[in-house]
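The values are calculated or read from the model by the stated rules, or taken from the named source; none is laboratory data. Since this is a predicted model, take the numbers as computed values, not measurements. A quick note on method: Cβ atoms are made from the backbone with ideal geometry, for glycine too, and the neighbour counts reach across all protein chains shown.
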């Protein structure tokens, strides 16, 4: 966690500032927006006369159709431009589309800005920030990733307080505009003046020491080409596992508010349940990052998949809203 020349033993490795930048990116673009968006659904549906299916279809179209295509594009752009520039583009998409969502009147325009929101999510969310952390860390990558993803969960928890308050105080239109403006003001300066795609831009090595970038034989670590990766079984197992996990979590989050209100919960109580879910995820994010540095990553991943598989069916247990 110190600079490679060791001239200043107390100096914090710049990679931790990169981790803080990734923390804030995920806090806003995923935590506040992705987890907070379902809280807007009832107000948008009532105000514009949309059905539940219609109001949720915007993100559905975005994540099922648009996100996979832009996921490949984001990967290519990151390789070509570096994560910093891609994140800046994504921030512009996220912030501006939220601002414009505050003025929608028709279903088609609502879908358009939901799709643009998803494009921003892809370009400024988990994909480029994971690459960013991976560029800056080797030995402590799991912990750095856990800290960055803690921002995602904390943003989600914050959204369950912030978004209902904004809607109640200013109305859902102004709430969209406030969140969008906040994202542009908070994140763009960080991406411009703090974030750097590679340690070499600051004269550093991953983890703050040249030795950390070497393999067991003392040679620089080398990656696998895309063509070679797609021909391996592990690549497709990772794709399948990640896709199914994101689909499952996304489905639960998108439908949770309506699901709970249909089962007798008020909107406030439903928001509290979502908040409790996201608070519990904070512990999991830090714990999994810590375990990933100490144990075989495939075992940690398998354990997290098992927990998810056991948790989702609990939603169908009979229950009653609490006061």
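crowded, with 22+ Cβ neighbours inside 10 Å and either over 13 Å from residue 32 (Cβ atoms) or in contact with a strand residue (DSSP E or B) (Cβ under 8 Å, 6 or more places away or on another chain) (or both) - does that describe any residue in the range 151-158?
no
I'd like the full set of residues that are modelled with pLDDT under 80, more than 19 Å from residue 57 (Cβ to Cβ) and in contact with a helix residue (DSSP H, G or I) (Cβ under 7 Å, 6 or more places away or on another chain), limited to the range 242-268.
Within the range 242-268, 267 is the sole residue that qualifies.
So, in the range 44-82, exactly how many residues are more than 22 Å from residue 171 (Cα to Cα) and not in a helix (DSSP H, G or I)?
The total comes to 1.
Please pick out the residue among 285, 272 that is modelled with pLDDT of 80 or more, part of a helix (DSSP H, G or I) and within 22 Å of the chain's Cα centre (by Cα).
So the residue among 285, 272 that is modelled with pLDDT of 80 or more, part of a helix (DSSP H, G or I) and within 22 Å of the chain's Cα centre (by Cα) is 272.
Hey, any hits in the range 24-34 for a residue that's crowded, with 22+ Cβ neighbours inside 10 Å, more than 30 Å from residue 134 (Cβ to Cβ) and either touching a helix residue (DSSP H, G or I) at 6+ places or on another chain (Cβ under 6 Å) or free of Cβ contacts under 8 Å to residues at least 24 places away in the same chain (or both)?
The answer is no, given that none of the residues of the range 24-34 is crowded, with 22+ Cβ neighbours inside 10 Å, more than 30 Å from residue 134 (Cβ to Cβ) and either touching a helix residue (DSSP H, G or I) at 6+ places or on another chain (Cβ under 6 Å) or free of Cβ contacts under 8 Å to residues at least 24 places away in the same chain (or both).
If you check residue 95 against the conditions, is it modelled with pLDDT of 95 or more and surrounded by fewer than 22 Cβ atoms within 10 Å (Cβ to Cβ)?
The answer is no for residue 95.
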